[in-house]
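The values are calculated or read from the model by the stated rules, or taken from the named source; none is laboratory data. Remember, predicted model here, so these are calculated numbers, not experimental data. Note that we place each Cβ from the backbone using ideal geometry, even for glycine, and neighbour counts take in every protein chain shown.
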Amino acid sequence: MRPELAALLQRGDPTRFAALLAAPPAARAPLATLYAFNLEVARAPWASKEPMIAEMRLQWWRDTIEDAGRGVVRSHEVMAPLAELITARGLPLDVLDRLIEARRWDIYTDAFADQPAMDTYIEDTAGGLMWLSGKALGATQEHALRDFGWAAGLAAYFQAVPELVARGRIPLLDGRDEGIAALAMRGLARLSAARKAGVEAKAHPAILAGWQAEGLLRLAAKEPGRVGDGSLQLSDFSRRGRLLWQAFTGRW
């Protein structure tokens, strides 16, 4: 794992950084590369209050991924290892592109057009990243990884709701307790579907990134008011214990 990527993640994505530290050493470099790429893309829409500048930043990443597919690597601390990973593991460029394109929603203050639009946003960001992470480790079960990624992404999105509201966004189409609880139950259903389908053991280090998903979704379903007031958090003991248990047992 490159020190500069580790430092980037430690500062900007502590949840995935903790999962990296719990992963086997051989899995850390590819995962760190993808997580750092995801972090850079996720930050791009918020780097300027000018929508045109934010659009240009995202377009730069789209062009950069397209260039990497042709063997042209632009100068950036994330792109050298990412280009190597794309080639070595055959990462699908269309999945990387959709992950970037989905972030255009973050630029503007409009609500999602409908629930399917929000579902697609989570699918293309969190679901896509989980599939890429698993594939980078040699996994093949895309559907199960996407189901797990979607559930984990929804849990993280719930935690981000207060910050999104503070930034003038409309993160939820139905912010009532009933709507939040129903959405949380959908996340738990996809988590259950992923478990029933199962994934190869080689993908388990990727799944570590969603170690809080089940606990957060169950809490959101039981106490949906926590989503809006910013208290959707697991205890320190639960967070650490769950991560260690998952890392040592390989169960999820």
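Take residue 104 and tell me if it is among the charged types (D, E, K, R), under 16 Å from residue 42 (Cβ atoms), touching a residue at least 40 places away in the same chain (Cβ under 8 Å) and in a loop (DSSP other than H, G, I, E, B).
Taking the combined requirement at face value, the residue does not satisfy it.
Considering each of 58, 85 in turn, give the residue that is modelled with pLDDT of 95 or more, within 16 Å of residue 137 (Cα to Cα) and buried (at least 19 other Cβ atoms within 10 Å of the Cβ).
85
Pairs, please: C-beta under 7 Å, at least 6 apart or cross-chain, first residue free of Cβ contacts under 8 Å to residues at least 12 places away in the same chain and in segment 35-48, second surrounded by fewer than 24 Cβ atoms within 10 Å (Cβ to Cβ)?
47/54; 47/57; 48/54
Scan segment 127-140 for residues that are within 14 Å of residue 190 (Cβ to Cβ) and not aliphatic (A, V, I, L, M) and jot them down.
Of everything in segment 127-140, those that are within 14 Å of residue 190 (Cβ to Cβ) and not aliphatic (A, V, I, L, M) turn out to be 127, 131.
State whether one or more residues within segment 82-104 are within 16 Å of the chain's Cα centre (by Cα) and among the small types (Gly, Ala, Ser).
yes
Tell me whether segment 10-18 contains one or more residues that are in contact (Cβ under 8 Å) with a residue 24 or more places away in the chain, among the aliphatic types (A, V, I, L, M) and on the phi < 0 side of the Ramachandran plot.
yes
When you scan segment 154-164, do you find a residue that is under 19 Å from residue 45 (Cβ atoms), without any contact (Cβ under 8 Å) to a residue 40 or more places away in the chain, touching a helix residue (DSSP H, G or I) at 6+ places or on another chain (Cβ under 9 Å) and buried (at least 20 other Cβ atoms within 10 Å of the Cβ), even just one?
yes
Checking residue 112 against (1) free of Cβ contacts under 8 Å to residues at least 60 places away in the same chain; (2) in contact with a helix residue (DSSP H, G or I) (Cβ under 8 Å, 6 or more places away or on another chain); (3) not aliphatic (A, V, I, L, M), which test does it fail?
Against the list (1) free of Cβ contacts under 8 Å to residues at least 60 places away in the same chain; (2) in contact with a helix residue (DSSP H, G or I) (Cβ under 8 Å, 6 or more places away or on another chain); (3) not aliphatic (A, V, I, L, M), residue 112 comes up short only on (1).
Could you give every pair whose Cβ atoms fall below 9 Å, whose first residue belongs to segment 166-192 and is free of Cβ contacts under 8 Å to residues at least 40 places away in the same chain and crowded, with 17+ Cβ neighbours inside 10 Å, and whose second residue is in a loop (DSSP other than H, G, I, E, B) and of a type outside the set (A, V, I, L, M, F, W, C), counting only separations of at least 6 or pairs across chains?
The qualifying pairs are 183/174; 183/224.
For residue 77, only one of the following conditions fails: (1) surrounded by 14 or more Cβ atoms within 10 Å (Cβ to Cβ); (2) over 25 Å from residue 170 (Cα atoms); (3) in contact (Cβ under 8 Å) with a residue 24 or more places away in the chain. What is its number?
Result: residue 77 passes all but (1).
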